[in-house]
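Undergrad: Quick one: structure below, then a few questions.
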Amino acid sequence: QDNSSDSNAPDLSNNPFALLEFKKGIEDYYYKCFNLGIPCRILVTYDSFKYVREVLESLEQLDNFRIISDEFQAIVQDAKFKSSTEIKFLETLDGIKKLCFVSATPILGAYLQMLPEFKDLPRYQLDWEANDPERVAEPLVEPFYCPRGIIQPACEVVRDYKNGNFKTTVINIDGTPREVTSKEAVFYVNCVSNICDIINKTGITLDECNILCAHTEENEKKLLKAFRLKKVDVFGTVPLYGAKHKMFTFCTRTAYIGADFYSTNARNFIFSDANLDCLTVDIQIDLPQILGRQRLLIA
């Protein structure tokens, strides 16, 4: 049974009726879990947590909840372009008794000591290799320079896969070498405009690819025009474990964190156009997250 409440709500500060409905939904969900005797789990964005706290405080239940801030390194990394959201979130956490900041790619301890919000917190590190040194395998990263831009090499990858020119590599699975042929390609790019350029130049169809980006009206218009389609749903979703994957997946920074692709053969292609205004931070900051998105054989 799924007893999690997905409270991924937009900014409700200027919509009092929607805010009341949002809070009422959280309260009803809490009482439902309480009456059924099941755990109460609320998934929420940074900017909506303040409303959840208000509800839990009104119910006198805040101290009975453990607040977990997953991927907490984003608090610092995203501060360049949404600092007010991050600061307000940290302020909202003040006084909470049960609080954990969690990340598989944490910020170095030396830097955390410089931040008053983190310097006095105890830190625990899970050593994944302590009992099984072969558990963590370093991914093979092949950097290359694109003097004529990123669109042409991206299109070449698409054409290779569509023509059946797949790459086979040998990887170590549970200590046994095994040949794996990649028949799926996952592209990480800076912006939707780049994705549209690739679509236009290769003729790739919506049935062949999965688009993971921000669900905005502007992005929708760009993608519909690129696919030469009218009103259809152009936004994809991250395939669940065991689900069928499309040959091509295109991701913007929306999917750099927390999106797990359970593919048995995908290769990652990371294209960074430093000339774009939307590249607020160096893509190297996101590399550890991107490389961890593939959770099965190849990353």
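Undergrad: Pairwise over distinct Cα atoms, reciprocal of the mean inverse distance: report the Kirkwood radius of region 115-272 in Å, one decimal place. Provide the component values of the computation, followed by the final result.
TA: On the way: mean 1/r = 0.0557 Å⁻¹.
Value: 18.0 Å, from the Cα pair sum.
Undergrad: Return the distance in nm (one decimal) between the two label points of a simple spin-label model at Asp70 and Leu20, each offset 7 Å from Cα along Cα→Cβ.
TA: Placing both labels 7 Å beyond Cα along the Cβ direction yields 3.3 nm.
Undergrad: If we count every other residue with Cβ under 9 angstrom of Met247's Cβ, Lys/Arg +1 and Asp/Glu -1, where does the sum land? Don't skip to the answer; put the middle values down first.
TA: Details: positive: Lys162, Lys183, Lys246; negative: Glu184, Glu208.
Value of the local net charge: +1.
Undergrad: For a quick protection proxy, order the peptides 60-66, 239-245 by their average other-Cβ count within 10 Å, most packed first. Don't skip to the answer; put the middle values down first.
TA: Details: 60-66: 13.0, 239-245: 10.1.
Put in order of decreasing packing, that is 60-66, 239-245.
Undergrad: Follow-up. Probe of 1.4 angstrom, ligands and nucleic acids ignored: what's the accessible area per residue over region 148-270, in square angstrom?
TA: On the way: 6590 Å² over 123 residues.
Per residue, region 148-270 has an accessible area of 54 Å².
Undergrad: Okay, next question. Could the peptides 92-105, 201-214 be put in order, highest first, of the mean number of other beta-carbon atoms found within 10 Å of their residues? Intermediate results must be reported in sequence, preceding the final value.
TA: On the way: 92-105: 13.6, 201-214: 17.6.
Output ranking for 92-105, 201-214: 201-214, 92-105.
Undergrad: Applying 1/(1 + (r/R0)^6) with R0 = 35 Å to the Cβ-Cβ distance of Asn131 and Phe166, what FRET efficiency is obtained, to the nearest 0.05? Write out the running numbers ahead of the final one.
TA: Working: r = 36 Å, r/R0 = 1.02.
The value I calculate is 0.45.
Undergrad: Then there is this: Could you work out how much longer the chain between Lys98 and Lys221 gets when fully extended? Use 0.36 nm per residue separation minus the Cα distance between them, nm to one decimal. Show your work: numbers first, answer last.
TA: Numbers: separation 123, 0.36 × 123 = 44.28 nm, distance 4.38 nm.
Result for the pair: 39.9 nm of gain on full extension.
Undergrad: What does a probe at Arg159 reach in region 185-218, counting residues whose amide N is under 12 Å from the point 7 Å along Cα→Cβ?
TA: 201-203
Undergrad: If amide H atoms are built 1.01 Å from N in the plane of the peptide, which residues on other chains or at least 5 residues away come under 5 Å of the amide H of Ile67?
TA: Correct list: Lys98, Leu99, Cys100.
Undergrad: What are the residues whose amide H is under 5 Å from the amide H of Phe269, where those residues sit 5 or more places off or on another chain and H is modelled from the backbone?
TA: Sorted by chain and number, the residues that satisfy this are Val186, Phe187, Tyr188.
Undergrad: Now a separate question. Got the relative contact order for region 141-183 handy, in percent, Cα pairs under 8 Å and 6 or more residues apart?
TA: On the way: 24 pairs, mean separation 11.0, N = 43.
About 26 percent, as a whole number.
Undergrad: Is the C-alpha gyration tensor of region 61-128 telling us rounded, prolate or oblate? Criteria: a/c under 1.5 is rounded; beyond that, a/b larger than b/c is prolate, otherwise oblate. Please list the in-between numbers first.
TA: Working: a/c = 1.59, a/b = 1.06, b/c = 1.49.
It is oblate, given that a/c is not under 1.5 and a/b is not larger than b/c.
The values are calculated or read from the model by the stated rules, or taken from the named source; none is laboratory data. It should be emphasised that the depicted structure is a prediction, and the values quoted were computed from it without experimental measurement. Note: ideal-geometry Cβ built from the backbone for every residue, glycine included; neighbour counts use all protein chains shown. Remember, those area values only see protein heavy atoms, side chains included, never the ligands or the DNA or RNA. Shrake-Rupley method; radii C 1.70, N 1.55, O 1.52, S 1.80 Å.
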